[in-house]
Amino acid sequence: MKTIAVLTSGGDAPGMNAAIRAVVRTAVSLGLKVKGIKHGYDGLLKEEIIDLNARSVSDIISRGGTVLYTSRSKEFKTDEGVKKAAEICKKHGIEGIVTIGGDGTFMGAKCLSEQGIPCVGVPATIDNDIASTEYTIGFDTALNTAAEMIDKIRDTSQSHDRCSVVEVMGHKAGYMALQIAIAVGAVDVLVPELPVDLKAIIEHIKTVRKSGKSHFIVVVAEGVGDSHEIARIIELETGLESRATVLGHVQRGGSPTVRDRVRATQMGSAAVHLLNKDIGNRVISYKQGKIVDFDIFEAHEMTKTFDDGMVELAKETAI
Ligand code: F6P
């Protein structure tokens with residue numbers, strides 16, 4: 001393989017730029033040519049392809065977002081779209097692609113690999129919901145951003161003796177919500193993976209209140225439901241003045257933490273080393289302290305179990 005490309009796709013995540021940088025610099029170090037595809041698979045279909053060199057990725061390791069832009073492409077999801085994308089790769093001399101993103105990005109990578117363009121996926125999503133890996137780029141930064149915001153909410157919640165319901169991102173995944181809940185000392189956490197029992201939460205708040213606690217934080221993952229409605233019910237049932245705050249996309253931005261920069265650099269580099277050996281259709285993963293890789297399809301079939309130990313820990317310490 002002489003020429004590879006790199007793209008970012010799906011929701012952006014802090015650390016994507018560090019991964020792009022690692023891909024480009026590793027490729028250049030190995031004597032490969034490297035191209036950047038803007039706007040993910042959508043941009044590939046529109047031939048938004050640029051040449052990159054070691055200097056093109058200077059000063060991006062500390063920046064959030066993605067300098068290559070991102071998108072969620074509808075056209076690419078069709079058979080015609082994938083075939084067209086493979087033809088465009090051939091036209092531009094792209095022999096392999098590092099695709100940085102989440103599960104959707106990896107499925108795109110699998111389809112392109114099947115069309116003769118070997119792809120290697122690098123996991124990047126603040127949700128940390130990819131089964132094959134214990135860690136996805138962006139997770140740590142998003143956690144820290146959310147914790148910083150909730151610490152501020154705690155100050156005002158404490159002053160007013162309120163219950164603050166804080167909605168964090170995670171449409172289908174509560175990994176972020178659970179860790180944040182532990183980190184900010186939330187009284188309860190609601191995640192899409194577990195049954196939602198509002199009555200139990202209300203009873204819990206009442207019990208803890210009797211022991212002298214006067215302000216409360218309840219963390220709700222986005223996918224659970226309307227956090228304003230949850231706050232309204234808590235206020236109605238407990239008599240505690242309650243407010244809801246939706247953190248939203250603030251969690252997707254910001255300068256990546258050291259952890260995200262280092263993982264992104266390791267993963268981006270590992271992906272290029274695979275392509276350099278003409279190995280495609282793989283995803284890079286982090287398992288038990290090591291960077292490993294799996295077949296994309298096998299990775300897609302894997303399941304990630306919710307960490308019962310962490311759920312217990314959150315409960316045990318929220319009294
Ligand atoms: O996948 C990351 C994520 O931030 C989810 O937590 C969230 O549900 C979704 O993306 C939001 O997507 P959008 O940027 O399209 O609003």
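The values are calculated or read from the model by the stated rules, or taken from the named source; none is laboratory data. The structure presented is a predicted model; accordingly, all values stated were derived computationally and were not measured. Backbone-built Cβ (ideal geometry, glycine too); neighbour counts: all protein chains shown. Just the protein is used for accessible areas: all its heavy atoms, side chains included, with ligands, DNA and RNA removed. Shrake-Rupley method; radii C 1.70, N 1.55, O 1.52, S 1.80 Å.
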**Request:** For residues that are in contact with a strand residue (DSSP E or B) (Cβ under 6 Å, 6 or more places away or on another chain) and either within 16 Å of the ligand (Cβ to nearest atom) or not in a helix (DSSP H, G or I) (or both), tally how many sit in the range 233-263.
**Result:** 8
**Request:** Only one of these is buried (at least 20 other Cβ atoms within 10 Å of the Cβ) and within 16 Å of the ligand (Cβ to nearest atom): Val165, Val191, Val187. Name it.
**Result:** Val191
**Item:** Given (1) in the same structural domain as Gly104 (by TED's automatic domain parsing); (2) on the phi > 0 side of the Ramachandran plot, index of the condition Asp161 fails
**Value:** (1)
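Kindly indicate whether Thr141 is within 12 Å of the ligand (Cβ to nearest atom), in contact (Cβ under 8 Å) with a residue 40 or more places away in the chain and either open to solvent by less than 10 Å² (accessible area, probe 1.4 Å) or under 20 Å from Ile50 (Cα atoms) (or both).
Criteria not met by Thr141.
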**Request:** Return only the number of the condition from (1) part of a helix (DSSP H, G or I); (2) open to solvent by 10 Å² or more (accessible area, probe 1.4 Å); (3) within 16 Å of the ligand (Cβ to nearest atom) that Ser73 does not satisfy.
**Result:** (1)
**Request:** Starting from residues that are within 12 Å of the ligand (Cβ to nearest atom) and closer than 14 Å to Thr145 by Cβ, keep the ones in the range 168-184 and report whichever is most open to solvent (accessible area, probe 1.4 Å).
**Result:** Met169
**For Lys90: the one exception among (1) surrounded by 16 or more Cβ atoms within 10 Å (Cβ to Cβ); (2) over 30 Å from Leu143 (Cα atoms)** = (1)
**Item:** Members of the range 203-229 that are open to solvent by less than 70 Å² (accessible area, probe 1.4 Å), not basic (Lys, Arg) and not in a helix (DSSP H, G or I)
**Value:** Gly212, Ser214, His215, Phe216, Ile217, Val218, Val219, Val220, Ala221, Gly225
**Request:** Answer yes or no as to whether Ala124 is surrounded by fewer than 24 Cβ atoms within 10 Å (Cβ to Cβ), within 16 Å of the ligand (Cβ to nearest atom) and under 21 Å from Gly289 (Cα atoms).
**Result:** no
**Fill in**
Residue set Ser132, Ser159; condition more than 14 Å from the ligand (Cβ to nearest atom), hydroxyl-bearing (Ser, Thr, Tyr) and open to solvent by 10 Å² or more (accessible area, probe 1.4 Å); output residue Ser159
**Message:** Asp278 - would you say it is in contact (Cβ under 8 Å) with a residue 40 or more places away in the chain, assigned to a helix (DSSP H, G or I) and not assigned by TED's automatic domain parsing to the domain that holds Ile205?
**Reply:** no
**Asked** Out of all the residues in the range 93-121, which are out of contact with any Gly (no Cβ under 7 Å at 6 or more places or on another chain), open to solvent by 20 Å² or more (accessible area, probe 1.4 Å), within 16 Å of the ligand (Cβ to nearest atom) and not aliphatic (A, V, I, L, M)?
**Response** Asp103
**Only one of Val34, Val28 that is open to solvent by 60 Å² or more (accessible area, probe 1.4 Å), under 23 Å from Ile291 (Cβ atoms) and either away from the ligand (no atom under 16 Å from the Cβ) or not in a loop (DSSP other than H, G, I, E, B) (or both)** = Val28
